[in-house]
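Okay, so here's the structure we're looking at.
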Amino acid sequence: MSDGETVTVAHGSGTGKTREFLEESVLSRFGGDADGDLAVGLGALDDGAVHELGDRSVVVTTDSHVVSPLSFPGGDIGRLAVAGTVNDLAVMGATEPLALTCSLVVEAGTSVDLLEGILDSMEAACEEAGCAVTTGDTKVMGSGEIDGIVINTTGVGVVPRGEHVPDAGISPGDALVLSGPVGDHGITLLAEREGFDIDGDLESDVAPVNDAVAAALDAGTVTAMKDPTRGGLATALNEMVRKAGVGATVDETAIPVRDSVAAAGELLGIDPFDVANEGKVVFGVDAADADAVVEAIRTTQMGADAAVIGEVTEDNAGRVVLDTGFGRRYLSEPEGEQLPRIC
Ligand code: MG
């Protein structure tokens, strides 16, 4: 029982409060252990579910997009709704989406031109990702009953049985590879809301990155993947080590951050490691394959700055150690909700 507690924005932060809510209220009802043909279930809190069917596995993921403002430098809610779901499928190993659903919830009074612009951008993102919307739904709520537009997308992908990639698969000695600079999406959104942009060069990284994931999978042994969305790189790395029961050491100077993002982050008091990315992937990679995987990712559109950022360790289990070049500290997850409606 909740003792009359009400939902707060922290419940949707993707970090501690969300995890508490999921464990107490959702997993207690639906999160039974994976068994039989369910290889990855809700209890794994991974980026999607994996159902085994004969010699293939079906990967399913879903996400609701509530970003504000609806359009921002580098993208809009439509592009985000496609990329977010395509990327969650990709980091489970399903780099060729079979189908996407699109469920629109729209506030009465919304301009049809605006809605069509968002659908145009969904169409373009689908083309980039090589997928299509194959079923959907439209609901309209009264003016003031919802703020603008909410888009839910569900993605379905198929991989050969046993070839999905969990986020918990890293083991000591693995290299940690990052596909590009972090912080762009979260910092851009916040700067946009605060009404400033340093020299106008902040831009969200929102993009489908299934091509970068496919290139990485082709180039070497990938042991784990996660897209560092809500809670940013810090949250993704902490989830990966916590689930695998290992530690990690990460070299801060190896983590790419754009100058504009670092500068805006400093002004806003936000660490680029703590905020959402919408076109990035963290990989655990067999150390022997790390250079080959980085090279492969660098050949893709969003992967030019891919780098090895650290390694998985046996010690410091459940913790991420950040080597700053001057000393070492734990890289912890951001607490609570700093940036609601970021994705
Ligand atoms: Mg994800």
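The values are calculated or read from the model by the stated rules, or taken from the named source; none is laboratory data. Because the structure is a prediction, the values reported are computed rather than measured. Quick reminder, even Gly has a Cβ in these numbers, built from the backbone with ideal geometry, and neighbours come from all protein chains shown. Calculation scope for accessible area: heavy atoms of the full protein, side chains included, ligands and nucleic acids excluded. Shrake-Rupley method; radii C 1.70, N 1.55, O 1.52, S 1.80 Å.
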Q. Picking from Pro181, Pro228, Pro256, which is most flexible by a Gaussian network model of the chain using Cα springs under 10 Å?
A. Pro256
**Q.** Sum of side-chain charges, Gly162 neighbourhood, beta-carbon under 14 Å (Lys, Arg +1; Asp, Glu -1)
**A.** -2
**Q.** Helical contribution to [θ] at 222 nm, DSSP H n ≥ 4, -39,500 (n - 2.57), averaged over the chain, rounded to 500
**A.** -8500 deg cm²/dmol
Q.
Please compute the Kirkwood hydrodynamic radius of the chain from all pairs of different C-alpha atoms, in Å with one decimal.
A. 20.3
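Accessible area per residue for the chain in Å², computed with a 1.4 Å probe and the full protein assembly in place, what is it? Please list the in-between numbers first.
Details: 14950 Å² over 343 residues.
Computed with neighbouring chains in place, this is 44 Å² per residue.
Ala99 to Glu23: extension gain in nm, 0.36 nm per residue of separation minus the Cα-Cα distance?
On the way: separation 76, 0.36 × 76 = 27.36 nm, distance 2.94 nm.
Working it through step by step, the gained length comes to 24.4 nm.
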Q: Could you tell me which of rounded, prolate or oblate describes region 263-337, using a ≥ b ≥ c as the square roots of the eigenvalues of the alpha-carbon gyration tensor, with rounded for a/c under 1.5 and, failing that, prolate when a/b is larger than b/c and oblate otherwise?
A: oblate
Q: Can you send over the carbon and sulfur percentage of the accessible area for region 51-171, probe radius 1.4 Å, protein chains only?
A: 53
Q.
Taking the Cα centre as origin and putting +1 on Lys and Arg beta-carbons and -1 on Asp and Glu beta-carbons, what dipole magnitude results for region 139-208, to the nearest 20 debye?
A. 520
**Q.** Lys/Arg +1, Asp/Glu -1 at C-beta; the chain dipole; positive extreme among Leu104, Pro272, Gly41
**A.** Gly41
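So what's the net charge close to Gly247: Lys and Arg +1, Asp and Glu -1, counting the other residues with Cβ under 14 Å from its Cβ?
On the way: positive: Arg242, Lys243, Arg319, Arg328, Arg329; negative: Asp174, Glu239, Glu311, Glu314, Asp315, Asp323.
Local charge sum for Gly247: -1.
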Q) Hey, in the GNM for the chain with a 10 angstrom Cα cutoff, which one of Lys139, Lys280, Lys243 fluctuates hardest? A) Lys139
Q) Which value, in debye to the nearest 20, describes the size of the charge dipole of the chain about its Cα centre when Lys and Arg Cβ atoms bear +1, Asp and Glu Cβ atoms bear -1, and nothing else is charged? A) 480
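Can you tell me how region 175-330 classifies by the Cα gyration tensor, rounded, prolate or oblate, using a/c under 1.5 as the rounded cut? Before the final figure, lay out each step's value.
Values: a/c = 2.00, a/b = 1.32, b/c = 1.52.
Judged from the Cα gyration tensor, region 175-330 comes out oblate (a/c at least 1.5, b/c at or above a/b).
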Q: Pull up the DSSP beta bridges for the chain and report the antiparallel fraction as a percent, rounded to 5.
A: 80
Q) Over all Cα pairs of region 239-296, how is the pair count split among 5 Å bins, expressed in % and running from 0 up to the last occupied bin? A) 4, 13, 18, 23, 20, 13, 7, 2, 0
Q. Arg319 accessible area, nearest 10 Å², 1.4 Å probe?
A. 100
Q: Taking only Cα atoms and a 10 Å spring cutoff, compute GNM fluctuations for the chain and point out the largest among Asn87, Asn210, Asn238.
A: Asn238
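Which value, in debye to the nearest 20, describes the size of the charge dipole of region 209-343 about its Cα centre when Lys and Arg Cβ atoms bear +1, Asp and Glu Cβ atoms bear -1, and nothing else is charged?
Working: 11 positive and 23 negative charges, 68 e Å.
With Lys and Arg at +1 and Asp and Glu at -1, about 320 debye.
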Q: Run through all the Cα pairs of region 18-59 and give the fraction in each 10 Å bin from 0, expressed as whole percent.
A: 31, 48, 18, 3
Q | Per principal axis, descending, Cα span of region 134-197 in whole Å | A | 53, 38, 17
Q) Does region 126-242 classify as rounded, prolate or oblate by the C-alpha gyration tensor (a ≥ b ≥ c root eigenvalues; a/c under 1.5 gives rounded; else a/b over b/c gives prolate, otherwise oblate)? A) oblate
